[in-house]
Amino acid sequence: MKQLIQGSALGCDPGLETHARRDSGPGAKLPAGRPFARTVLRQFLWLAVILVVHGCATPVVVVPPPSAGEPIVPVYLVGQGWHTGIVIRRADIPQGSWPEAGDFPQAEYVVVGWGDRDYYQAPGPAGWLAVKAALAPTPSVLHVVGFRGPVAEYFRVNEVVELAVSPRGLQGLVQYIHDAHAREGTQVVAPLGPELYGDGRFYPGREKFHLFRTCNVWAARALRAAGLPVRDAIRRKGLMAQARRLGRLLQAAPGD
């Protein structure tokens, strides 16, 4: 358990294999020959479309930051390898606003990450899945884990930043997470597959994953929905640097 937590992916930037998997099986081989070349060409054409769409993307609805004297609620950004995840105290989640949080009745906190559906759930390193996820829009998944105890202790080998949001900001953050689930008319989304580590569940995501919407971009937009002035960041380092300027560093990552 401890080893899995230390190496686990909190989000999923599938172009970079840095997190622990449920086993260490060999990665998938890339197909060879002309069919593969045609596939790569199609993916680069997709990238051209993504660049245009990304520039015209609908902005995240944000709420004002906490005003003087307004109560604040702590949330946490955890960085590991190339990934980021957002931690919320379960008792702070407004009743009924994120139904899937009810799947963790014993948890004190929940941490949520987002990424490519196939790659994130793969039992071992999967090279072709990484290439596919990076080059074309693919279905997404949310990974939610419940745990107890201090956040910095649970993620003791990861960077942890505490951020203060208002109650309205917390509602905006939770609404963003709620809307990220592929609900398809259902109030509560059924989990997918086995967990990655700990008391975890995968849930189908609504948005598509691609090179310009990584786990870190998703997390940045979630924090922006909470009222924090955070810009999109494809890489973990860019997002964590912004978080450090806005919040309180509880724990630095080894080597930083």
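Read-outs throughout are calculated quantities, based only on the coordinates presented, and are distinct from any laboratory measurement. Please read all numbers here as calculations on a predicted model, not as lab measurements. A quick note on method: Cβ atoms are made from the backbone with ideal geometry, for glycine too, and the neighbour counts reach across all protein chains shown.
Odds and ends about this structure:
- Were the residues from residue 252 through residue 199 laid out at 0.36 nm apart, the gain over their Cα-Cα distance would be 16.6 nm.
- Cα convex hull volume per residue for the stretch 155-256 (Å³): 133 Å³
- What the Cβ-Cβ distance of residue 241 and residue 182 gives, at R0 = 35 Å and to the nearest 0.05, is a FRET efficiency of 0.65.
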